[in-house]
Amino acid sequence: MKIKSFLTIALLVILNISKANAQINLGEKALGALQNGVASFTFSNEDAAKLSKEAVKKMDSTNVVAGPKDGYTLRLNRIFGKHASENGLALNYKVYLTKDVNAFATADGSVRVYSGLMDIMDDNQLLAVIGHEIGHVANEDTKDAMKAALRKAALIDAVSSQSDKVAKLTDSQLGQIGNAMLDSKHSRKQESEADTFSYDFMKKHGYDVNAVESAFNLLASQSGGASSDFLSRMMSSHPDPKDRAETAKQRAIAEGLYKAYVQKPINNKVVVTKTTTKKATTKKKKK
């Protein structure tokens, strides 16, 4: 997939900072300064990857990460271990132990899957969803998300304070960026392109492409229940998940690959295989 060039950075017209991210009231003077910072700020892929890596490191430290022998980790390694390098990207995977239905990927190739998502999706459905998230990285959407996170956290000036490199941020600022990245929403076009990437990813590796339709239908059913950042991001201001499911279905039909998808058993526990050892017995010879 060709790497897209981002020629301009949109000027920030309205700045809305939530109380969770900032408790200061920017006046017109500060807002104008921030807009000027956005206009003159150059931001490379390397800059986005560097800041993403640091922000994810901060998020890892504030979440419960599944250990190497945890069932969730073993399952994710089994499913995605072979995709540590995908589409020219160096990817790393971890599981956050929380009931939230969530997953995200960042510009540095970090992929984080929440155990709540793994609890409701089988292997192929997870492949479809994570493939979608990887698509955002491959398409450089995560670079845009990082810029949006910097604007939302009012950190453009702090990051662009050095002309030749991105300034180092504090732990608190990295936490702000992490939260802003989770809240960021991609455009309709970006979501559609990530959907296409997911389908192509499934097809390329010989997985069941019908899991793409199934995954979106499952997310649609979940959206009526407990809320989460992931569901909010996937559902709002984008094509309806049922429409996206239908798009994947119609492509599968056109390619002669469609069949009704049946969800497979889900097991996030450590599988213990019992081995029995037979003791060798020797028979005494009769004299």
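Just name the residue that is surrounded by the most Cβ atoms within 10 Å (Cβ to Cβ) out of those in the range 180-199 that are within 13 Å of Val212 (Cα to Cα) and among the small types (Gly, Ala, Ser).
Ser198
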Just to be sure before I move on: is Val95 outside any helix (DSSP H, G or I) and surrounded by 14 or more Cβ atoms within 10 Å (Cβ to Cβ) in the structure I sent? yes
Quick check, is Gln222 out of contact with any helix residue (DSSP H, G or I) (no Cβ under 7 Å at 6 or more places or on another chain) and either buried (at least 21 other Cβ atoms within 10 Å of the Cβ) or at pLDDT below 85 (or both)? no
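Filter the range 169-178 for residues that are surrounded by fewer than 20 Cβ atoms within 10 Å (Cβ to Cβ) and touching a residue at least 12 places away in the same chain (Cβ under 8 Å) and give the result.
Within the range 169-178, Asp171, Gly175 meet the criteria.
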Can you tell me which residue is surrounded by the most Cβ atoms within 10 Å (Cβ to Cβ) among those in the range 98-113 that are over 10 Å from the mean Cα position of the chain (by Cα) and over 16 Å from Asp47 (Cα atoms)? Val101
Selection status of Met146, on the phi < 0 side of the Ramachandran plot, touching a Phe, Trp or Tyr at 6+ places or on another chain (Cβ under 9 Å), assigned to a helix (DSSP H, G or I) and modelled with pLDDT under 90: yes
Filtered residue count, the range 114-126, keeping only those that are more than 15 Å from Asn267 (Cβ to Cβ) and more than 12 Å from the chain's Cα centre (by Cα): 1
Within the range 186-215, restricting to residues that are under 18 Å from the mean Cα position of the chain (by Cα) and of a type in the set (Ser, Thr, Tyr), the one that is modelled with the lowest pLDDT is Ser187
So which residues in the range 121-130 are modelled with pLDDT of 95 or more and either open to solvent by less than 10 Å² (accessible area, probe 1.4 Å) or touching a Leu at 6+ places or on another chain (Cβ under 7 Å) (or both)? Met121, Asp122, Gln125, Leu126, Leu127, Ala128
Is it fair to say Lys165 is closer than 30 Å to Glu54 by Cβ and at pLDDT below 85? yes
Got at least one residue in the range 22-32 being open to solvent by 20 Å² or more (accessible area, probe 1.4 Å) and at pLDDT 90 or above? no
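The values are calculated or read from the model by the stated rules, or taken from the named source; none is laboratory data. Source: prediction; values computed, not measured. Reconstructed Cβ throughout: ideal geometry from the backbone, glycine too, with neighbour counts over all protein chains shown. Just so you know, the surface numbers come from the protein's heavy atoms only, side chains and all, with ligands and any DNA or RNA stripped out. Shrake-Rupley method; radii C 1.70, N 1.55, O 1.52, S 1.80 Å.
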